[in-house]
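Laboratory data are not the source of any read-out in this text; all were calculated from the coordinates shown. Please read these numbers as outputs of a predicted model, since none were measured by experiment. Here Cβ is always computed from backbone atoms with ideal geometry, including for glycine, and neighbour counts include all displayed protein chains.
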Amino acid sequence: MPQLSRLKIAVWVLSGLALSSCASTNPYNPNQDGCLLASRSALVLASEEPRPGGRLTATFIGNTTVLISDGETQLLIDGFVSRPPSFKDLKPDTALIRSTLDKAGATSVDAVLVGHAHHDHALDAPAIAKDHHALLIGSESVANIGRGQKVPEDLIVIMEGPRHSVKVGEFAITFAKTEHGAYPLHLRWIHLLLCGKIRKPLEVPANFHAFKTGTPYLIHLEHPSGNVLVQTSAGLEPEAVKGLQADTAIVGMGFLGSRNAGFRKRYLKTHIQDVGAKLAVPVHWDNFREPLPENEGDPLPYFKGDRHLNRAMTDLKAVANGNQIYLPAAYERIVLPGK
Ligand SMILES: [Zn+2]
């Protein structure tokens, strides 16, 4: 074998080894040196530490499921904790939902606010609404997921139209119509399967493609202790954020790295800088087909299939421009910035 070919093979084998050793570590472990986004320690409350008066807290439960509390009212953004490994025969795992929400301190949820009707956002929302006698707030499609799982009609609040608001406790909640994020080229078939609305009650078990997108919404929470904007999917509709201010921006990162640089920057700037956020939290970057880790503060399993996630995280760092970024770890409770 010529010398050059041997050298090539050696380089190839060595780079393969290097890649596989990288793949075994989680670049999104906030406890680890070299994590892309690690500025978080000042925000995290210890398990028993009381909530500072007059401040909101947020607890991250994987994917886009986030508990927001002012100490009186508990709002759950999205409802997805079962994290089934398959895309078939999806149904809520009631025991797992209860133990997970207990761990996260979601003991008395008043409302579940669902950004759109895909299963990785909405599957468990009805079970949580029934368990807690909480409102289920979302599009007509989300309402039909609720109806299919026998949520009483008086707990269902339907958001339709460009903007719709409702008050729960001291939170003024606004749903503003936005866009769903785009899939990379090789996964466009998923978009075709999922586009459209759920037009009648959806019973479970159901396959993932029965959970049609419905109208996607950006969620804005206005509260005397601080405002929060949540974009659960990496889609952009500038009209949706018009006139909205938020101290905290929770931004969906799923497949954002596959978009071009101009879109990535516009998306992050619109949802973070333009609303005046002091804290940015990336969500929807973990592998929602793997279970949540056991302990508080454990890193979430990251989604290796999102090949350009690093690119999106690097852009986030640039757009946050010195403001705080919190990279969620399991069950951690953080204090959100005030007005
Ligand atoms: Zn989605």
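Within segment 62-124, which trypsin sites (Lys or Arg not before Pro) sit in a loop by DSSP and count at most 16 neighbouring Cβ atoms inside 10 Å?
Numbers: sites: 88, 98, 103; in loops: 88.
Here the trypsin sites (Lys or Arg not before Pro) that fit, given the DSSP loop and packing criteria, are 88.
Residues in segment 71-89, backbone N under 11 Å from the label point at residue 108 (7 Å along the Cα-to-beta-carbon vector): list them, ranges by number please.
Flagged as within label range: 71-74.
Where nothing but the Cβ of Lys and Arg (+1) and of Asp and Glu (-1) is charged, how large is the charge dipole of segment 290-339 around its Cα centre, in debye to the nearest 20?
Numbers: 6 positive and 7 negative charges, 71 e Å.
For this selection, approximately 340 debye.
Could you give the C-alpha radius of gyration of the chain expressed as a fraction of 2.2 N^0.38 Å, taking N as the number of residues it contains?
Compactness ratio reported: 1.00.
Test of understanding: what is the full-extension gain from residue 32 to residue 314, defined as 0.36 nm times their sequence separation minus their Cα-Cα distance?
99.8 nm
Excluding residues fewer than 8 places away in the same chain, name every one of the lysines whose C-alpha is closer than 16 Å to that of residue 278.
Hits, sequence-local ones excluded: 269, 317, 339.
Work through the residues other than residue 168 whose Cβ is under 13 Å from its Cβ and net out their charges, Lys, Arg +1 and Asp, Glu -1.
-4
Quick one: length gained pulling residue 323 to residue 273 fully straight, 0.36 nm per residue minus the C-alpha distance?
17.0 nm
Do any GluC sites (Glu not before Pro) in segment 218-310 lie in a DSSP loop with no more than 15 other beta carbon atoms within 10 Å, and if so, which?
Loop-located and lightly packed - 294.
Sequence neighbours fewer than 8 away in the same chain don't count; with that in mind, list the aspartates and glutamates whose C-alpha is under 18 Å from residue 212.
78, 89, 120, 124, 140, 160, 179, 203
Quick one: if the Förster radius is 35 Å, what FRET efficiency do residue 46 and residue 72 give, using the C-beta to C-beta distance and rounding to 0.05?
With a Förster radius of 35 Å, E is 0.95.
Which value, in debye to the nearest 20, gives the size of the charge dipole of segment 106-249 about its Cα centre, when Lys and Arg are +1 and Asp and Glu are -1 at the Cβ?
In total the dipole reaches around 480 debye.
For the chain, what does the helix formula give at 222 nm: sum of -39500 (n - 2.57) over DSSP H segments with n ≥ 4, over the residue count, nearest 500 deg cm²/dmol?
-7000 deg cm²/dmol
Only four residue types carry charge here, +1 at the Cβ of Lys and Arg and -1 at the Cβ of Asp and Glu. Report the dipole size of the chain about the Cα centre in Debye, rounded to the nearest 20.
Its charge dipole is roughly 1340 debye.
Quick one: Cα centre-to-centre distance for segment 65-142 and segment 264-319, in angstrom?
20 Å
Please give the length that would be gained between residue 96 and residue 339 if that part of the chain were fully extended, namely 0.36 nm times their separation in residues minus their C-alpha to C-alpha distance (nm, one decimal). Walk me through the intermediate numbers first.
On the way: separation 243, 0.36 × 243 = 87.48 nm, distance 3.60 nm.
My answer for the length gained is 83.9 nm.
Using the Cβ atoms and a cut-off under 12 Å, what net charge is assigned to the surroundings of residue 66, where Lys and Arg are +1 and Asp and Glu are -1? List each step's numbers first, then the result.
Values: positive: 333; negative: 78, 332.
Neighbourhood net charge equals -1.
Have a look at 230, 122, 253 and report the one farthest towards the positive end of the charge dipole of the chain, computed about the Cα centre with Cβ charges (Lys/Arg +1, Asp/Glu -1).
Working it through, the farthest residue towards the positive pole turns out to be 253.
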